[in-house]
Amino acid sequence: MSTPGPSFSLNGRTALITGASSGLGLHSAWTMARAGARVMLAARRLARLQGLVAEMQQQGLQAHAVEMDVSSASSVAAAFEEVAQRWVAPDVVVNNAGLATSAPALSQTESQWDEVMDTNLKGAWLVATEAARHLQQAGRGGCIVNVASILGLRVGGAVAPYCASKAGLIHLTKALALEWARYGIRVNALAPGYIETDLNSGFLQSEAGQRLQGRIPQRRFGQPGDLDGPLLLLASDAGAYMTGAVLAVDGGHLVSTL
C-alpha cells in the first residue's frame, strides 16, 4: 500500500511576497495565506498594503505589511529584519515585483533600461540573497519562487529590456539553485503566460489582444487562479525534490506553432 504524498499546505511557514500591493503579487499573498502561511506583503506603497492586510486579518488570516524597495539593498535588508523581529525570517519568498516599459528598442532610454533591470533582475537578486543569508544563518532550509515570464524564454516586440530581465532571472534561478541546494534552499521559477489582471485587461480585450488570444492553443488568457496550483507546488513540501525548475503556465503558448 502506497503512503500518502506530500502536502500542499503551508501551515507553519512564513512567506514574504514582493510587489504585493496589486495584481499577481496580491493574489499570491491571498493564496498562500489561505494555504496556512503567515504572509508578509512587501511593496513600496505601505499605506496601500496596510489596508489589504486589514482585510486579510478580518478573514482570520495571518498577514502583515512591510515597506520594501527591491532595488535598494538597504531597504531589502531592513524589511527582512522587520519580518524576523515580528515572526521569524521567511522560509518562503516569492520574488514577484516587476515592471515593463513598452517601446521599440531604439526608443528605449538608458533610464528605462535601468529601471526595468533594477526591479526585475537586480531586485530579485537582492531579495533572494538576503533570504538565503537569513536561512543559512538560522540553519534552516526554505524556498524561493522567482516570477519570470514566457518572455524570458521567447521574445515579444517592443519589450526588449523586459525580455532580457526575465531571461536573466531564469538563468539566475538555475545558478542559485545549484549553489544553495547544499543548504536545503530550493530556487525555482514560474513563467506565466498572459494572465488577465486589472492592469492589462484593457489591452487583452482589445482587437490586438483578441488576435494574441488566437495564437494561444487553449484559446484563452490565463486567470490569476491558474497560478495557484503551480505556486503552491513550488512553495510547499509537494515540490520538495524540485529546484532549478522553470514552470511555464501559459495555456500552451510556448509550444504554439510558428
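The values are calculated or read from the model by the stated rules, or taken from the named source; none is laboratory data. Please read all numbers here as calculations on a predicted model, not as lab measurements. So basically every Cβ, Gly included, is an ideal-geometry build from the backbone, and we count neighbours across all protein chains shown.
Do we have any residue at all in region 119-129 that's farther than 20 Å from Ser21 by Cα and in contact with a Phe, Trp or Tyr (Cβ under 8 Å, 6 or more places away or on another chain)?
For region 119-129, residues farther than 20 Å from Ser21 by Cα and in contact with a Phe, Trp or Tyr (Cβ under 8 Å, 6 or more places away or on another chain): absent.
Within region 212-226, which residues are crowded, with 17+ Cβ neighbours inside 10 Å and in contact (Cβ under 8 Å) with a residue 40 or more places away in the chain?
Ile216, Pro224
Evaluate the following for Asp228: is it part of a helix (DSSP H, G or I), acidic (Asp, Glu) and in contact with a helix residue (DSSP H, G or I) (Cβ under 8 Å, 6 or more places away or on another chain)?
Considered against the rule, which asks whether it is part of a helix (DSSP H, G or I), acidic (Asp, Glu) and in contact with a helix residue (DSSP H, G or I) (Cβ under 8 Å, 6 or more places away or on another chain), Asp228 comes out as yes.
Filter region 79-96 for residues that are in contact with a strand residue (DSSP E or B) (Cβ under 7 Å, 6 or more places away or on another chain) and either among the hydrophobic types (A, V, I, L, M, F, W, C) or in contact (Cβ under 8 Å) with a residue 60 or more places away in the chain (or both) and give the result.
Listed by number, the residues that qualify are Ala79, Val83, Trp87, Val88, Pro90, Asp91, Val92, Val93, Val94, Asn95, Asn96.
Being in contact with a helix residue (DSSP H, G or I) (Cβ under 6 Å, 6 or more places away or on another chain) and not in a helix (DSSP H, G or I) is the filter; apply it to region 231-258 and report the residue that is surrounded by the most Cβ atoms within 10 Å (Cβ to Cβ).
Asp250
Sort out which residues of region 151-195 are surrounded by 19 or more Cβ atoms within 10 Å (Cβ to Cβ) and touching a Pro at 6+ places or on another chain (Cβ under 7 Å), and write them in order of number.
If the condition is that a residue be surrounded by 19 or more Cβ atoms within 10 Å (Cβ to Cβ) and touching a Pro at 6+ places or on another chain (Cβ under 7 Å), then Leu190, Ile195 are the ones that fit.
To keep it simple, each residue is scored yes or no on (1) touching a Ser or Thr at 6+ places or on another chain (Cβ under 7 Å); (2) free of Cβ contacts under 8 Å to residues at least 24 places away in the same chain; (3) surrounded by fewer than 16 Cβ atoms within 10 Å (Cβ to Cβ); (4) assigned to a loop (DSSP other than H, G, I, E, B).
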{"position": "Phe8", "(1), (2), (3), (4)": "yes, no, no, yes"}
{"position": "Ala15", "(1), (2), (3), (4)": "no, no, no, no"}
{"position": "Leu24", "(1), (2), (3), (4)": "yes, no, no, no"}
{"position": "His27", "(1), (2), (3), (4)": "no, no, no, no"}
{"position": "Trp30", "(1), (2), (3), (4)": "no, no, no, no"}
{"position": "Val39", "(1), (2), (3), (4)": "no, no, no, no"}
{"position": "Leu49", "(1), (2), (3), (4)": "yes, no, no, no"}
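Among residues belonging to region 192-211 that are in contact (Cβ under 8 Å) with a residue 60 or more places away in the chain and either part of a helix (DSSP H, G or I) or closer than 27 Å to Gly244 by Cα (or both), point out the one that is nearest to the chain's Cα centre (by Cα).
Pro192
Yes or no: Ala65 among the hydrophobic types (A, V, I, L, M, F, W, C), touching a helix residue (DSSP H, G or I) at 6+ places or on another chain (Cβ under 6 Å) and assigned to a loop (DSSP other than H, G, I, E, B)?
It is false that Ala65 is among the hydrophobic types (A, V, I, L, M, F, W, C), touching a helix residue (DSSP H, G or I) at 6+ places or on another chain (Cβ under 6 Å) and assigned to a loop (DSSP other than H, G, I, E, B).
Starting from region 231-258, keep only residues that are at pLDDT below 95, then list their pairs with residues that are part of a helix (DSSP H, G or I) and buried (at least 16 other Cβ atoms within 10 Å of the Cβ) whose Cβ atoms are within a distance under 7 Å, requiring at least 6 positions of separation or different chains.
If the second residue must be part of a helix (DSSP H, G or I) and buried (at least 16 other Cβ atoms within 10 Å of the Cβ), no pairs are left.
Report yes if some residue within region 135-147 is within 25 Å of Ala208 (Cβ to Cβ) and surrounded by fewer than 20 Cβ atoms within 10 Å (Cβ to Cβ); otherwise report no.
No: zero hits.
Under 7 Å between Cβ atoms, which residue pairs at least 6 apart in sequence (or on different chains) link something in region 104-131 that is under 27 Å from Ala181 (Cβ atoms) and at pLDDT 95 or above with a partner that is part of a helix (DSSP H, G or I) and among the β-branched types (Val, Ile, Thr)?
Short answer, once both residue conditions are applied: Leu126/Val76; Val127/Val76; Glu130/Val76.
Which fully enclosed helices (runs of 4 or more DSSP H) of region 110-182 have 3 or more residues being over 17 Å from Asn96 (Cβ atoms) and among the aliphatic types (A, V, I, L, M)?
123-138, 160-180
I'd like the full set of residues that are within 20 Å of Leu172 (Cα to Cα) and in contact with a Pro (Cβ under 9 Å, 6 or more places away or on another chain), limited to region 242-258.
Leu247, Ala248, Val249
All but one of (1) part of a helix (DSSP H, G or I); (2) modelled with pLDDT of 95 or more hold for Ala189, so report the exception by its number.
Looking at each condition in turn, Ala189 falls short on (1).
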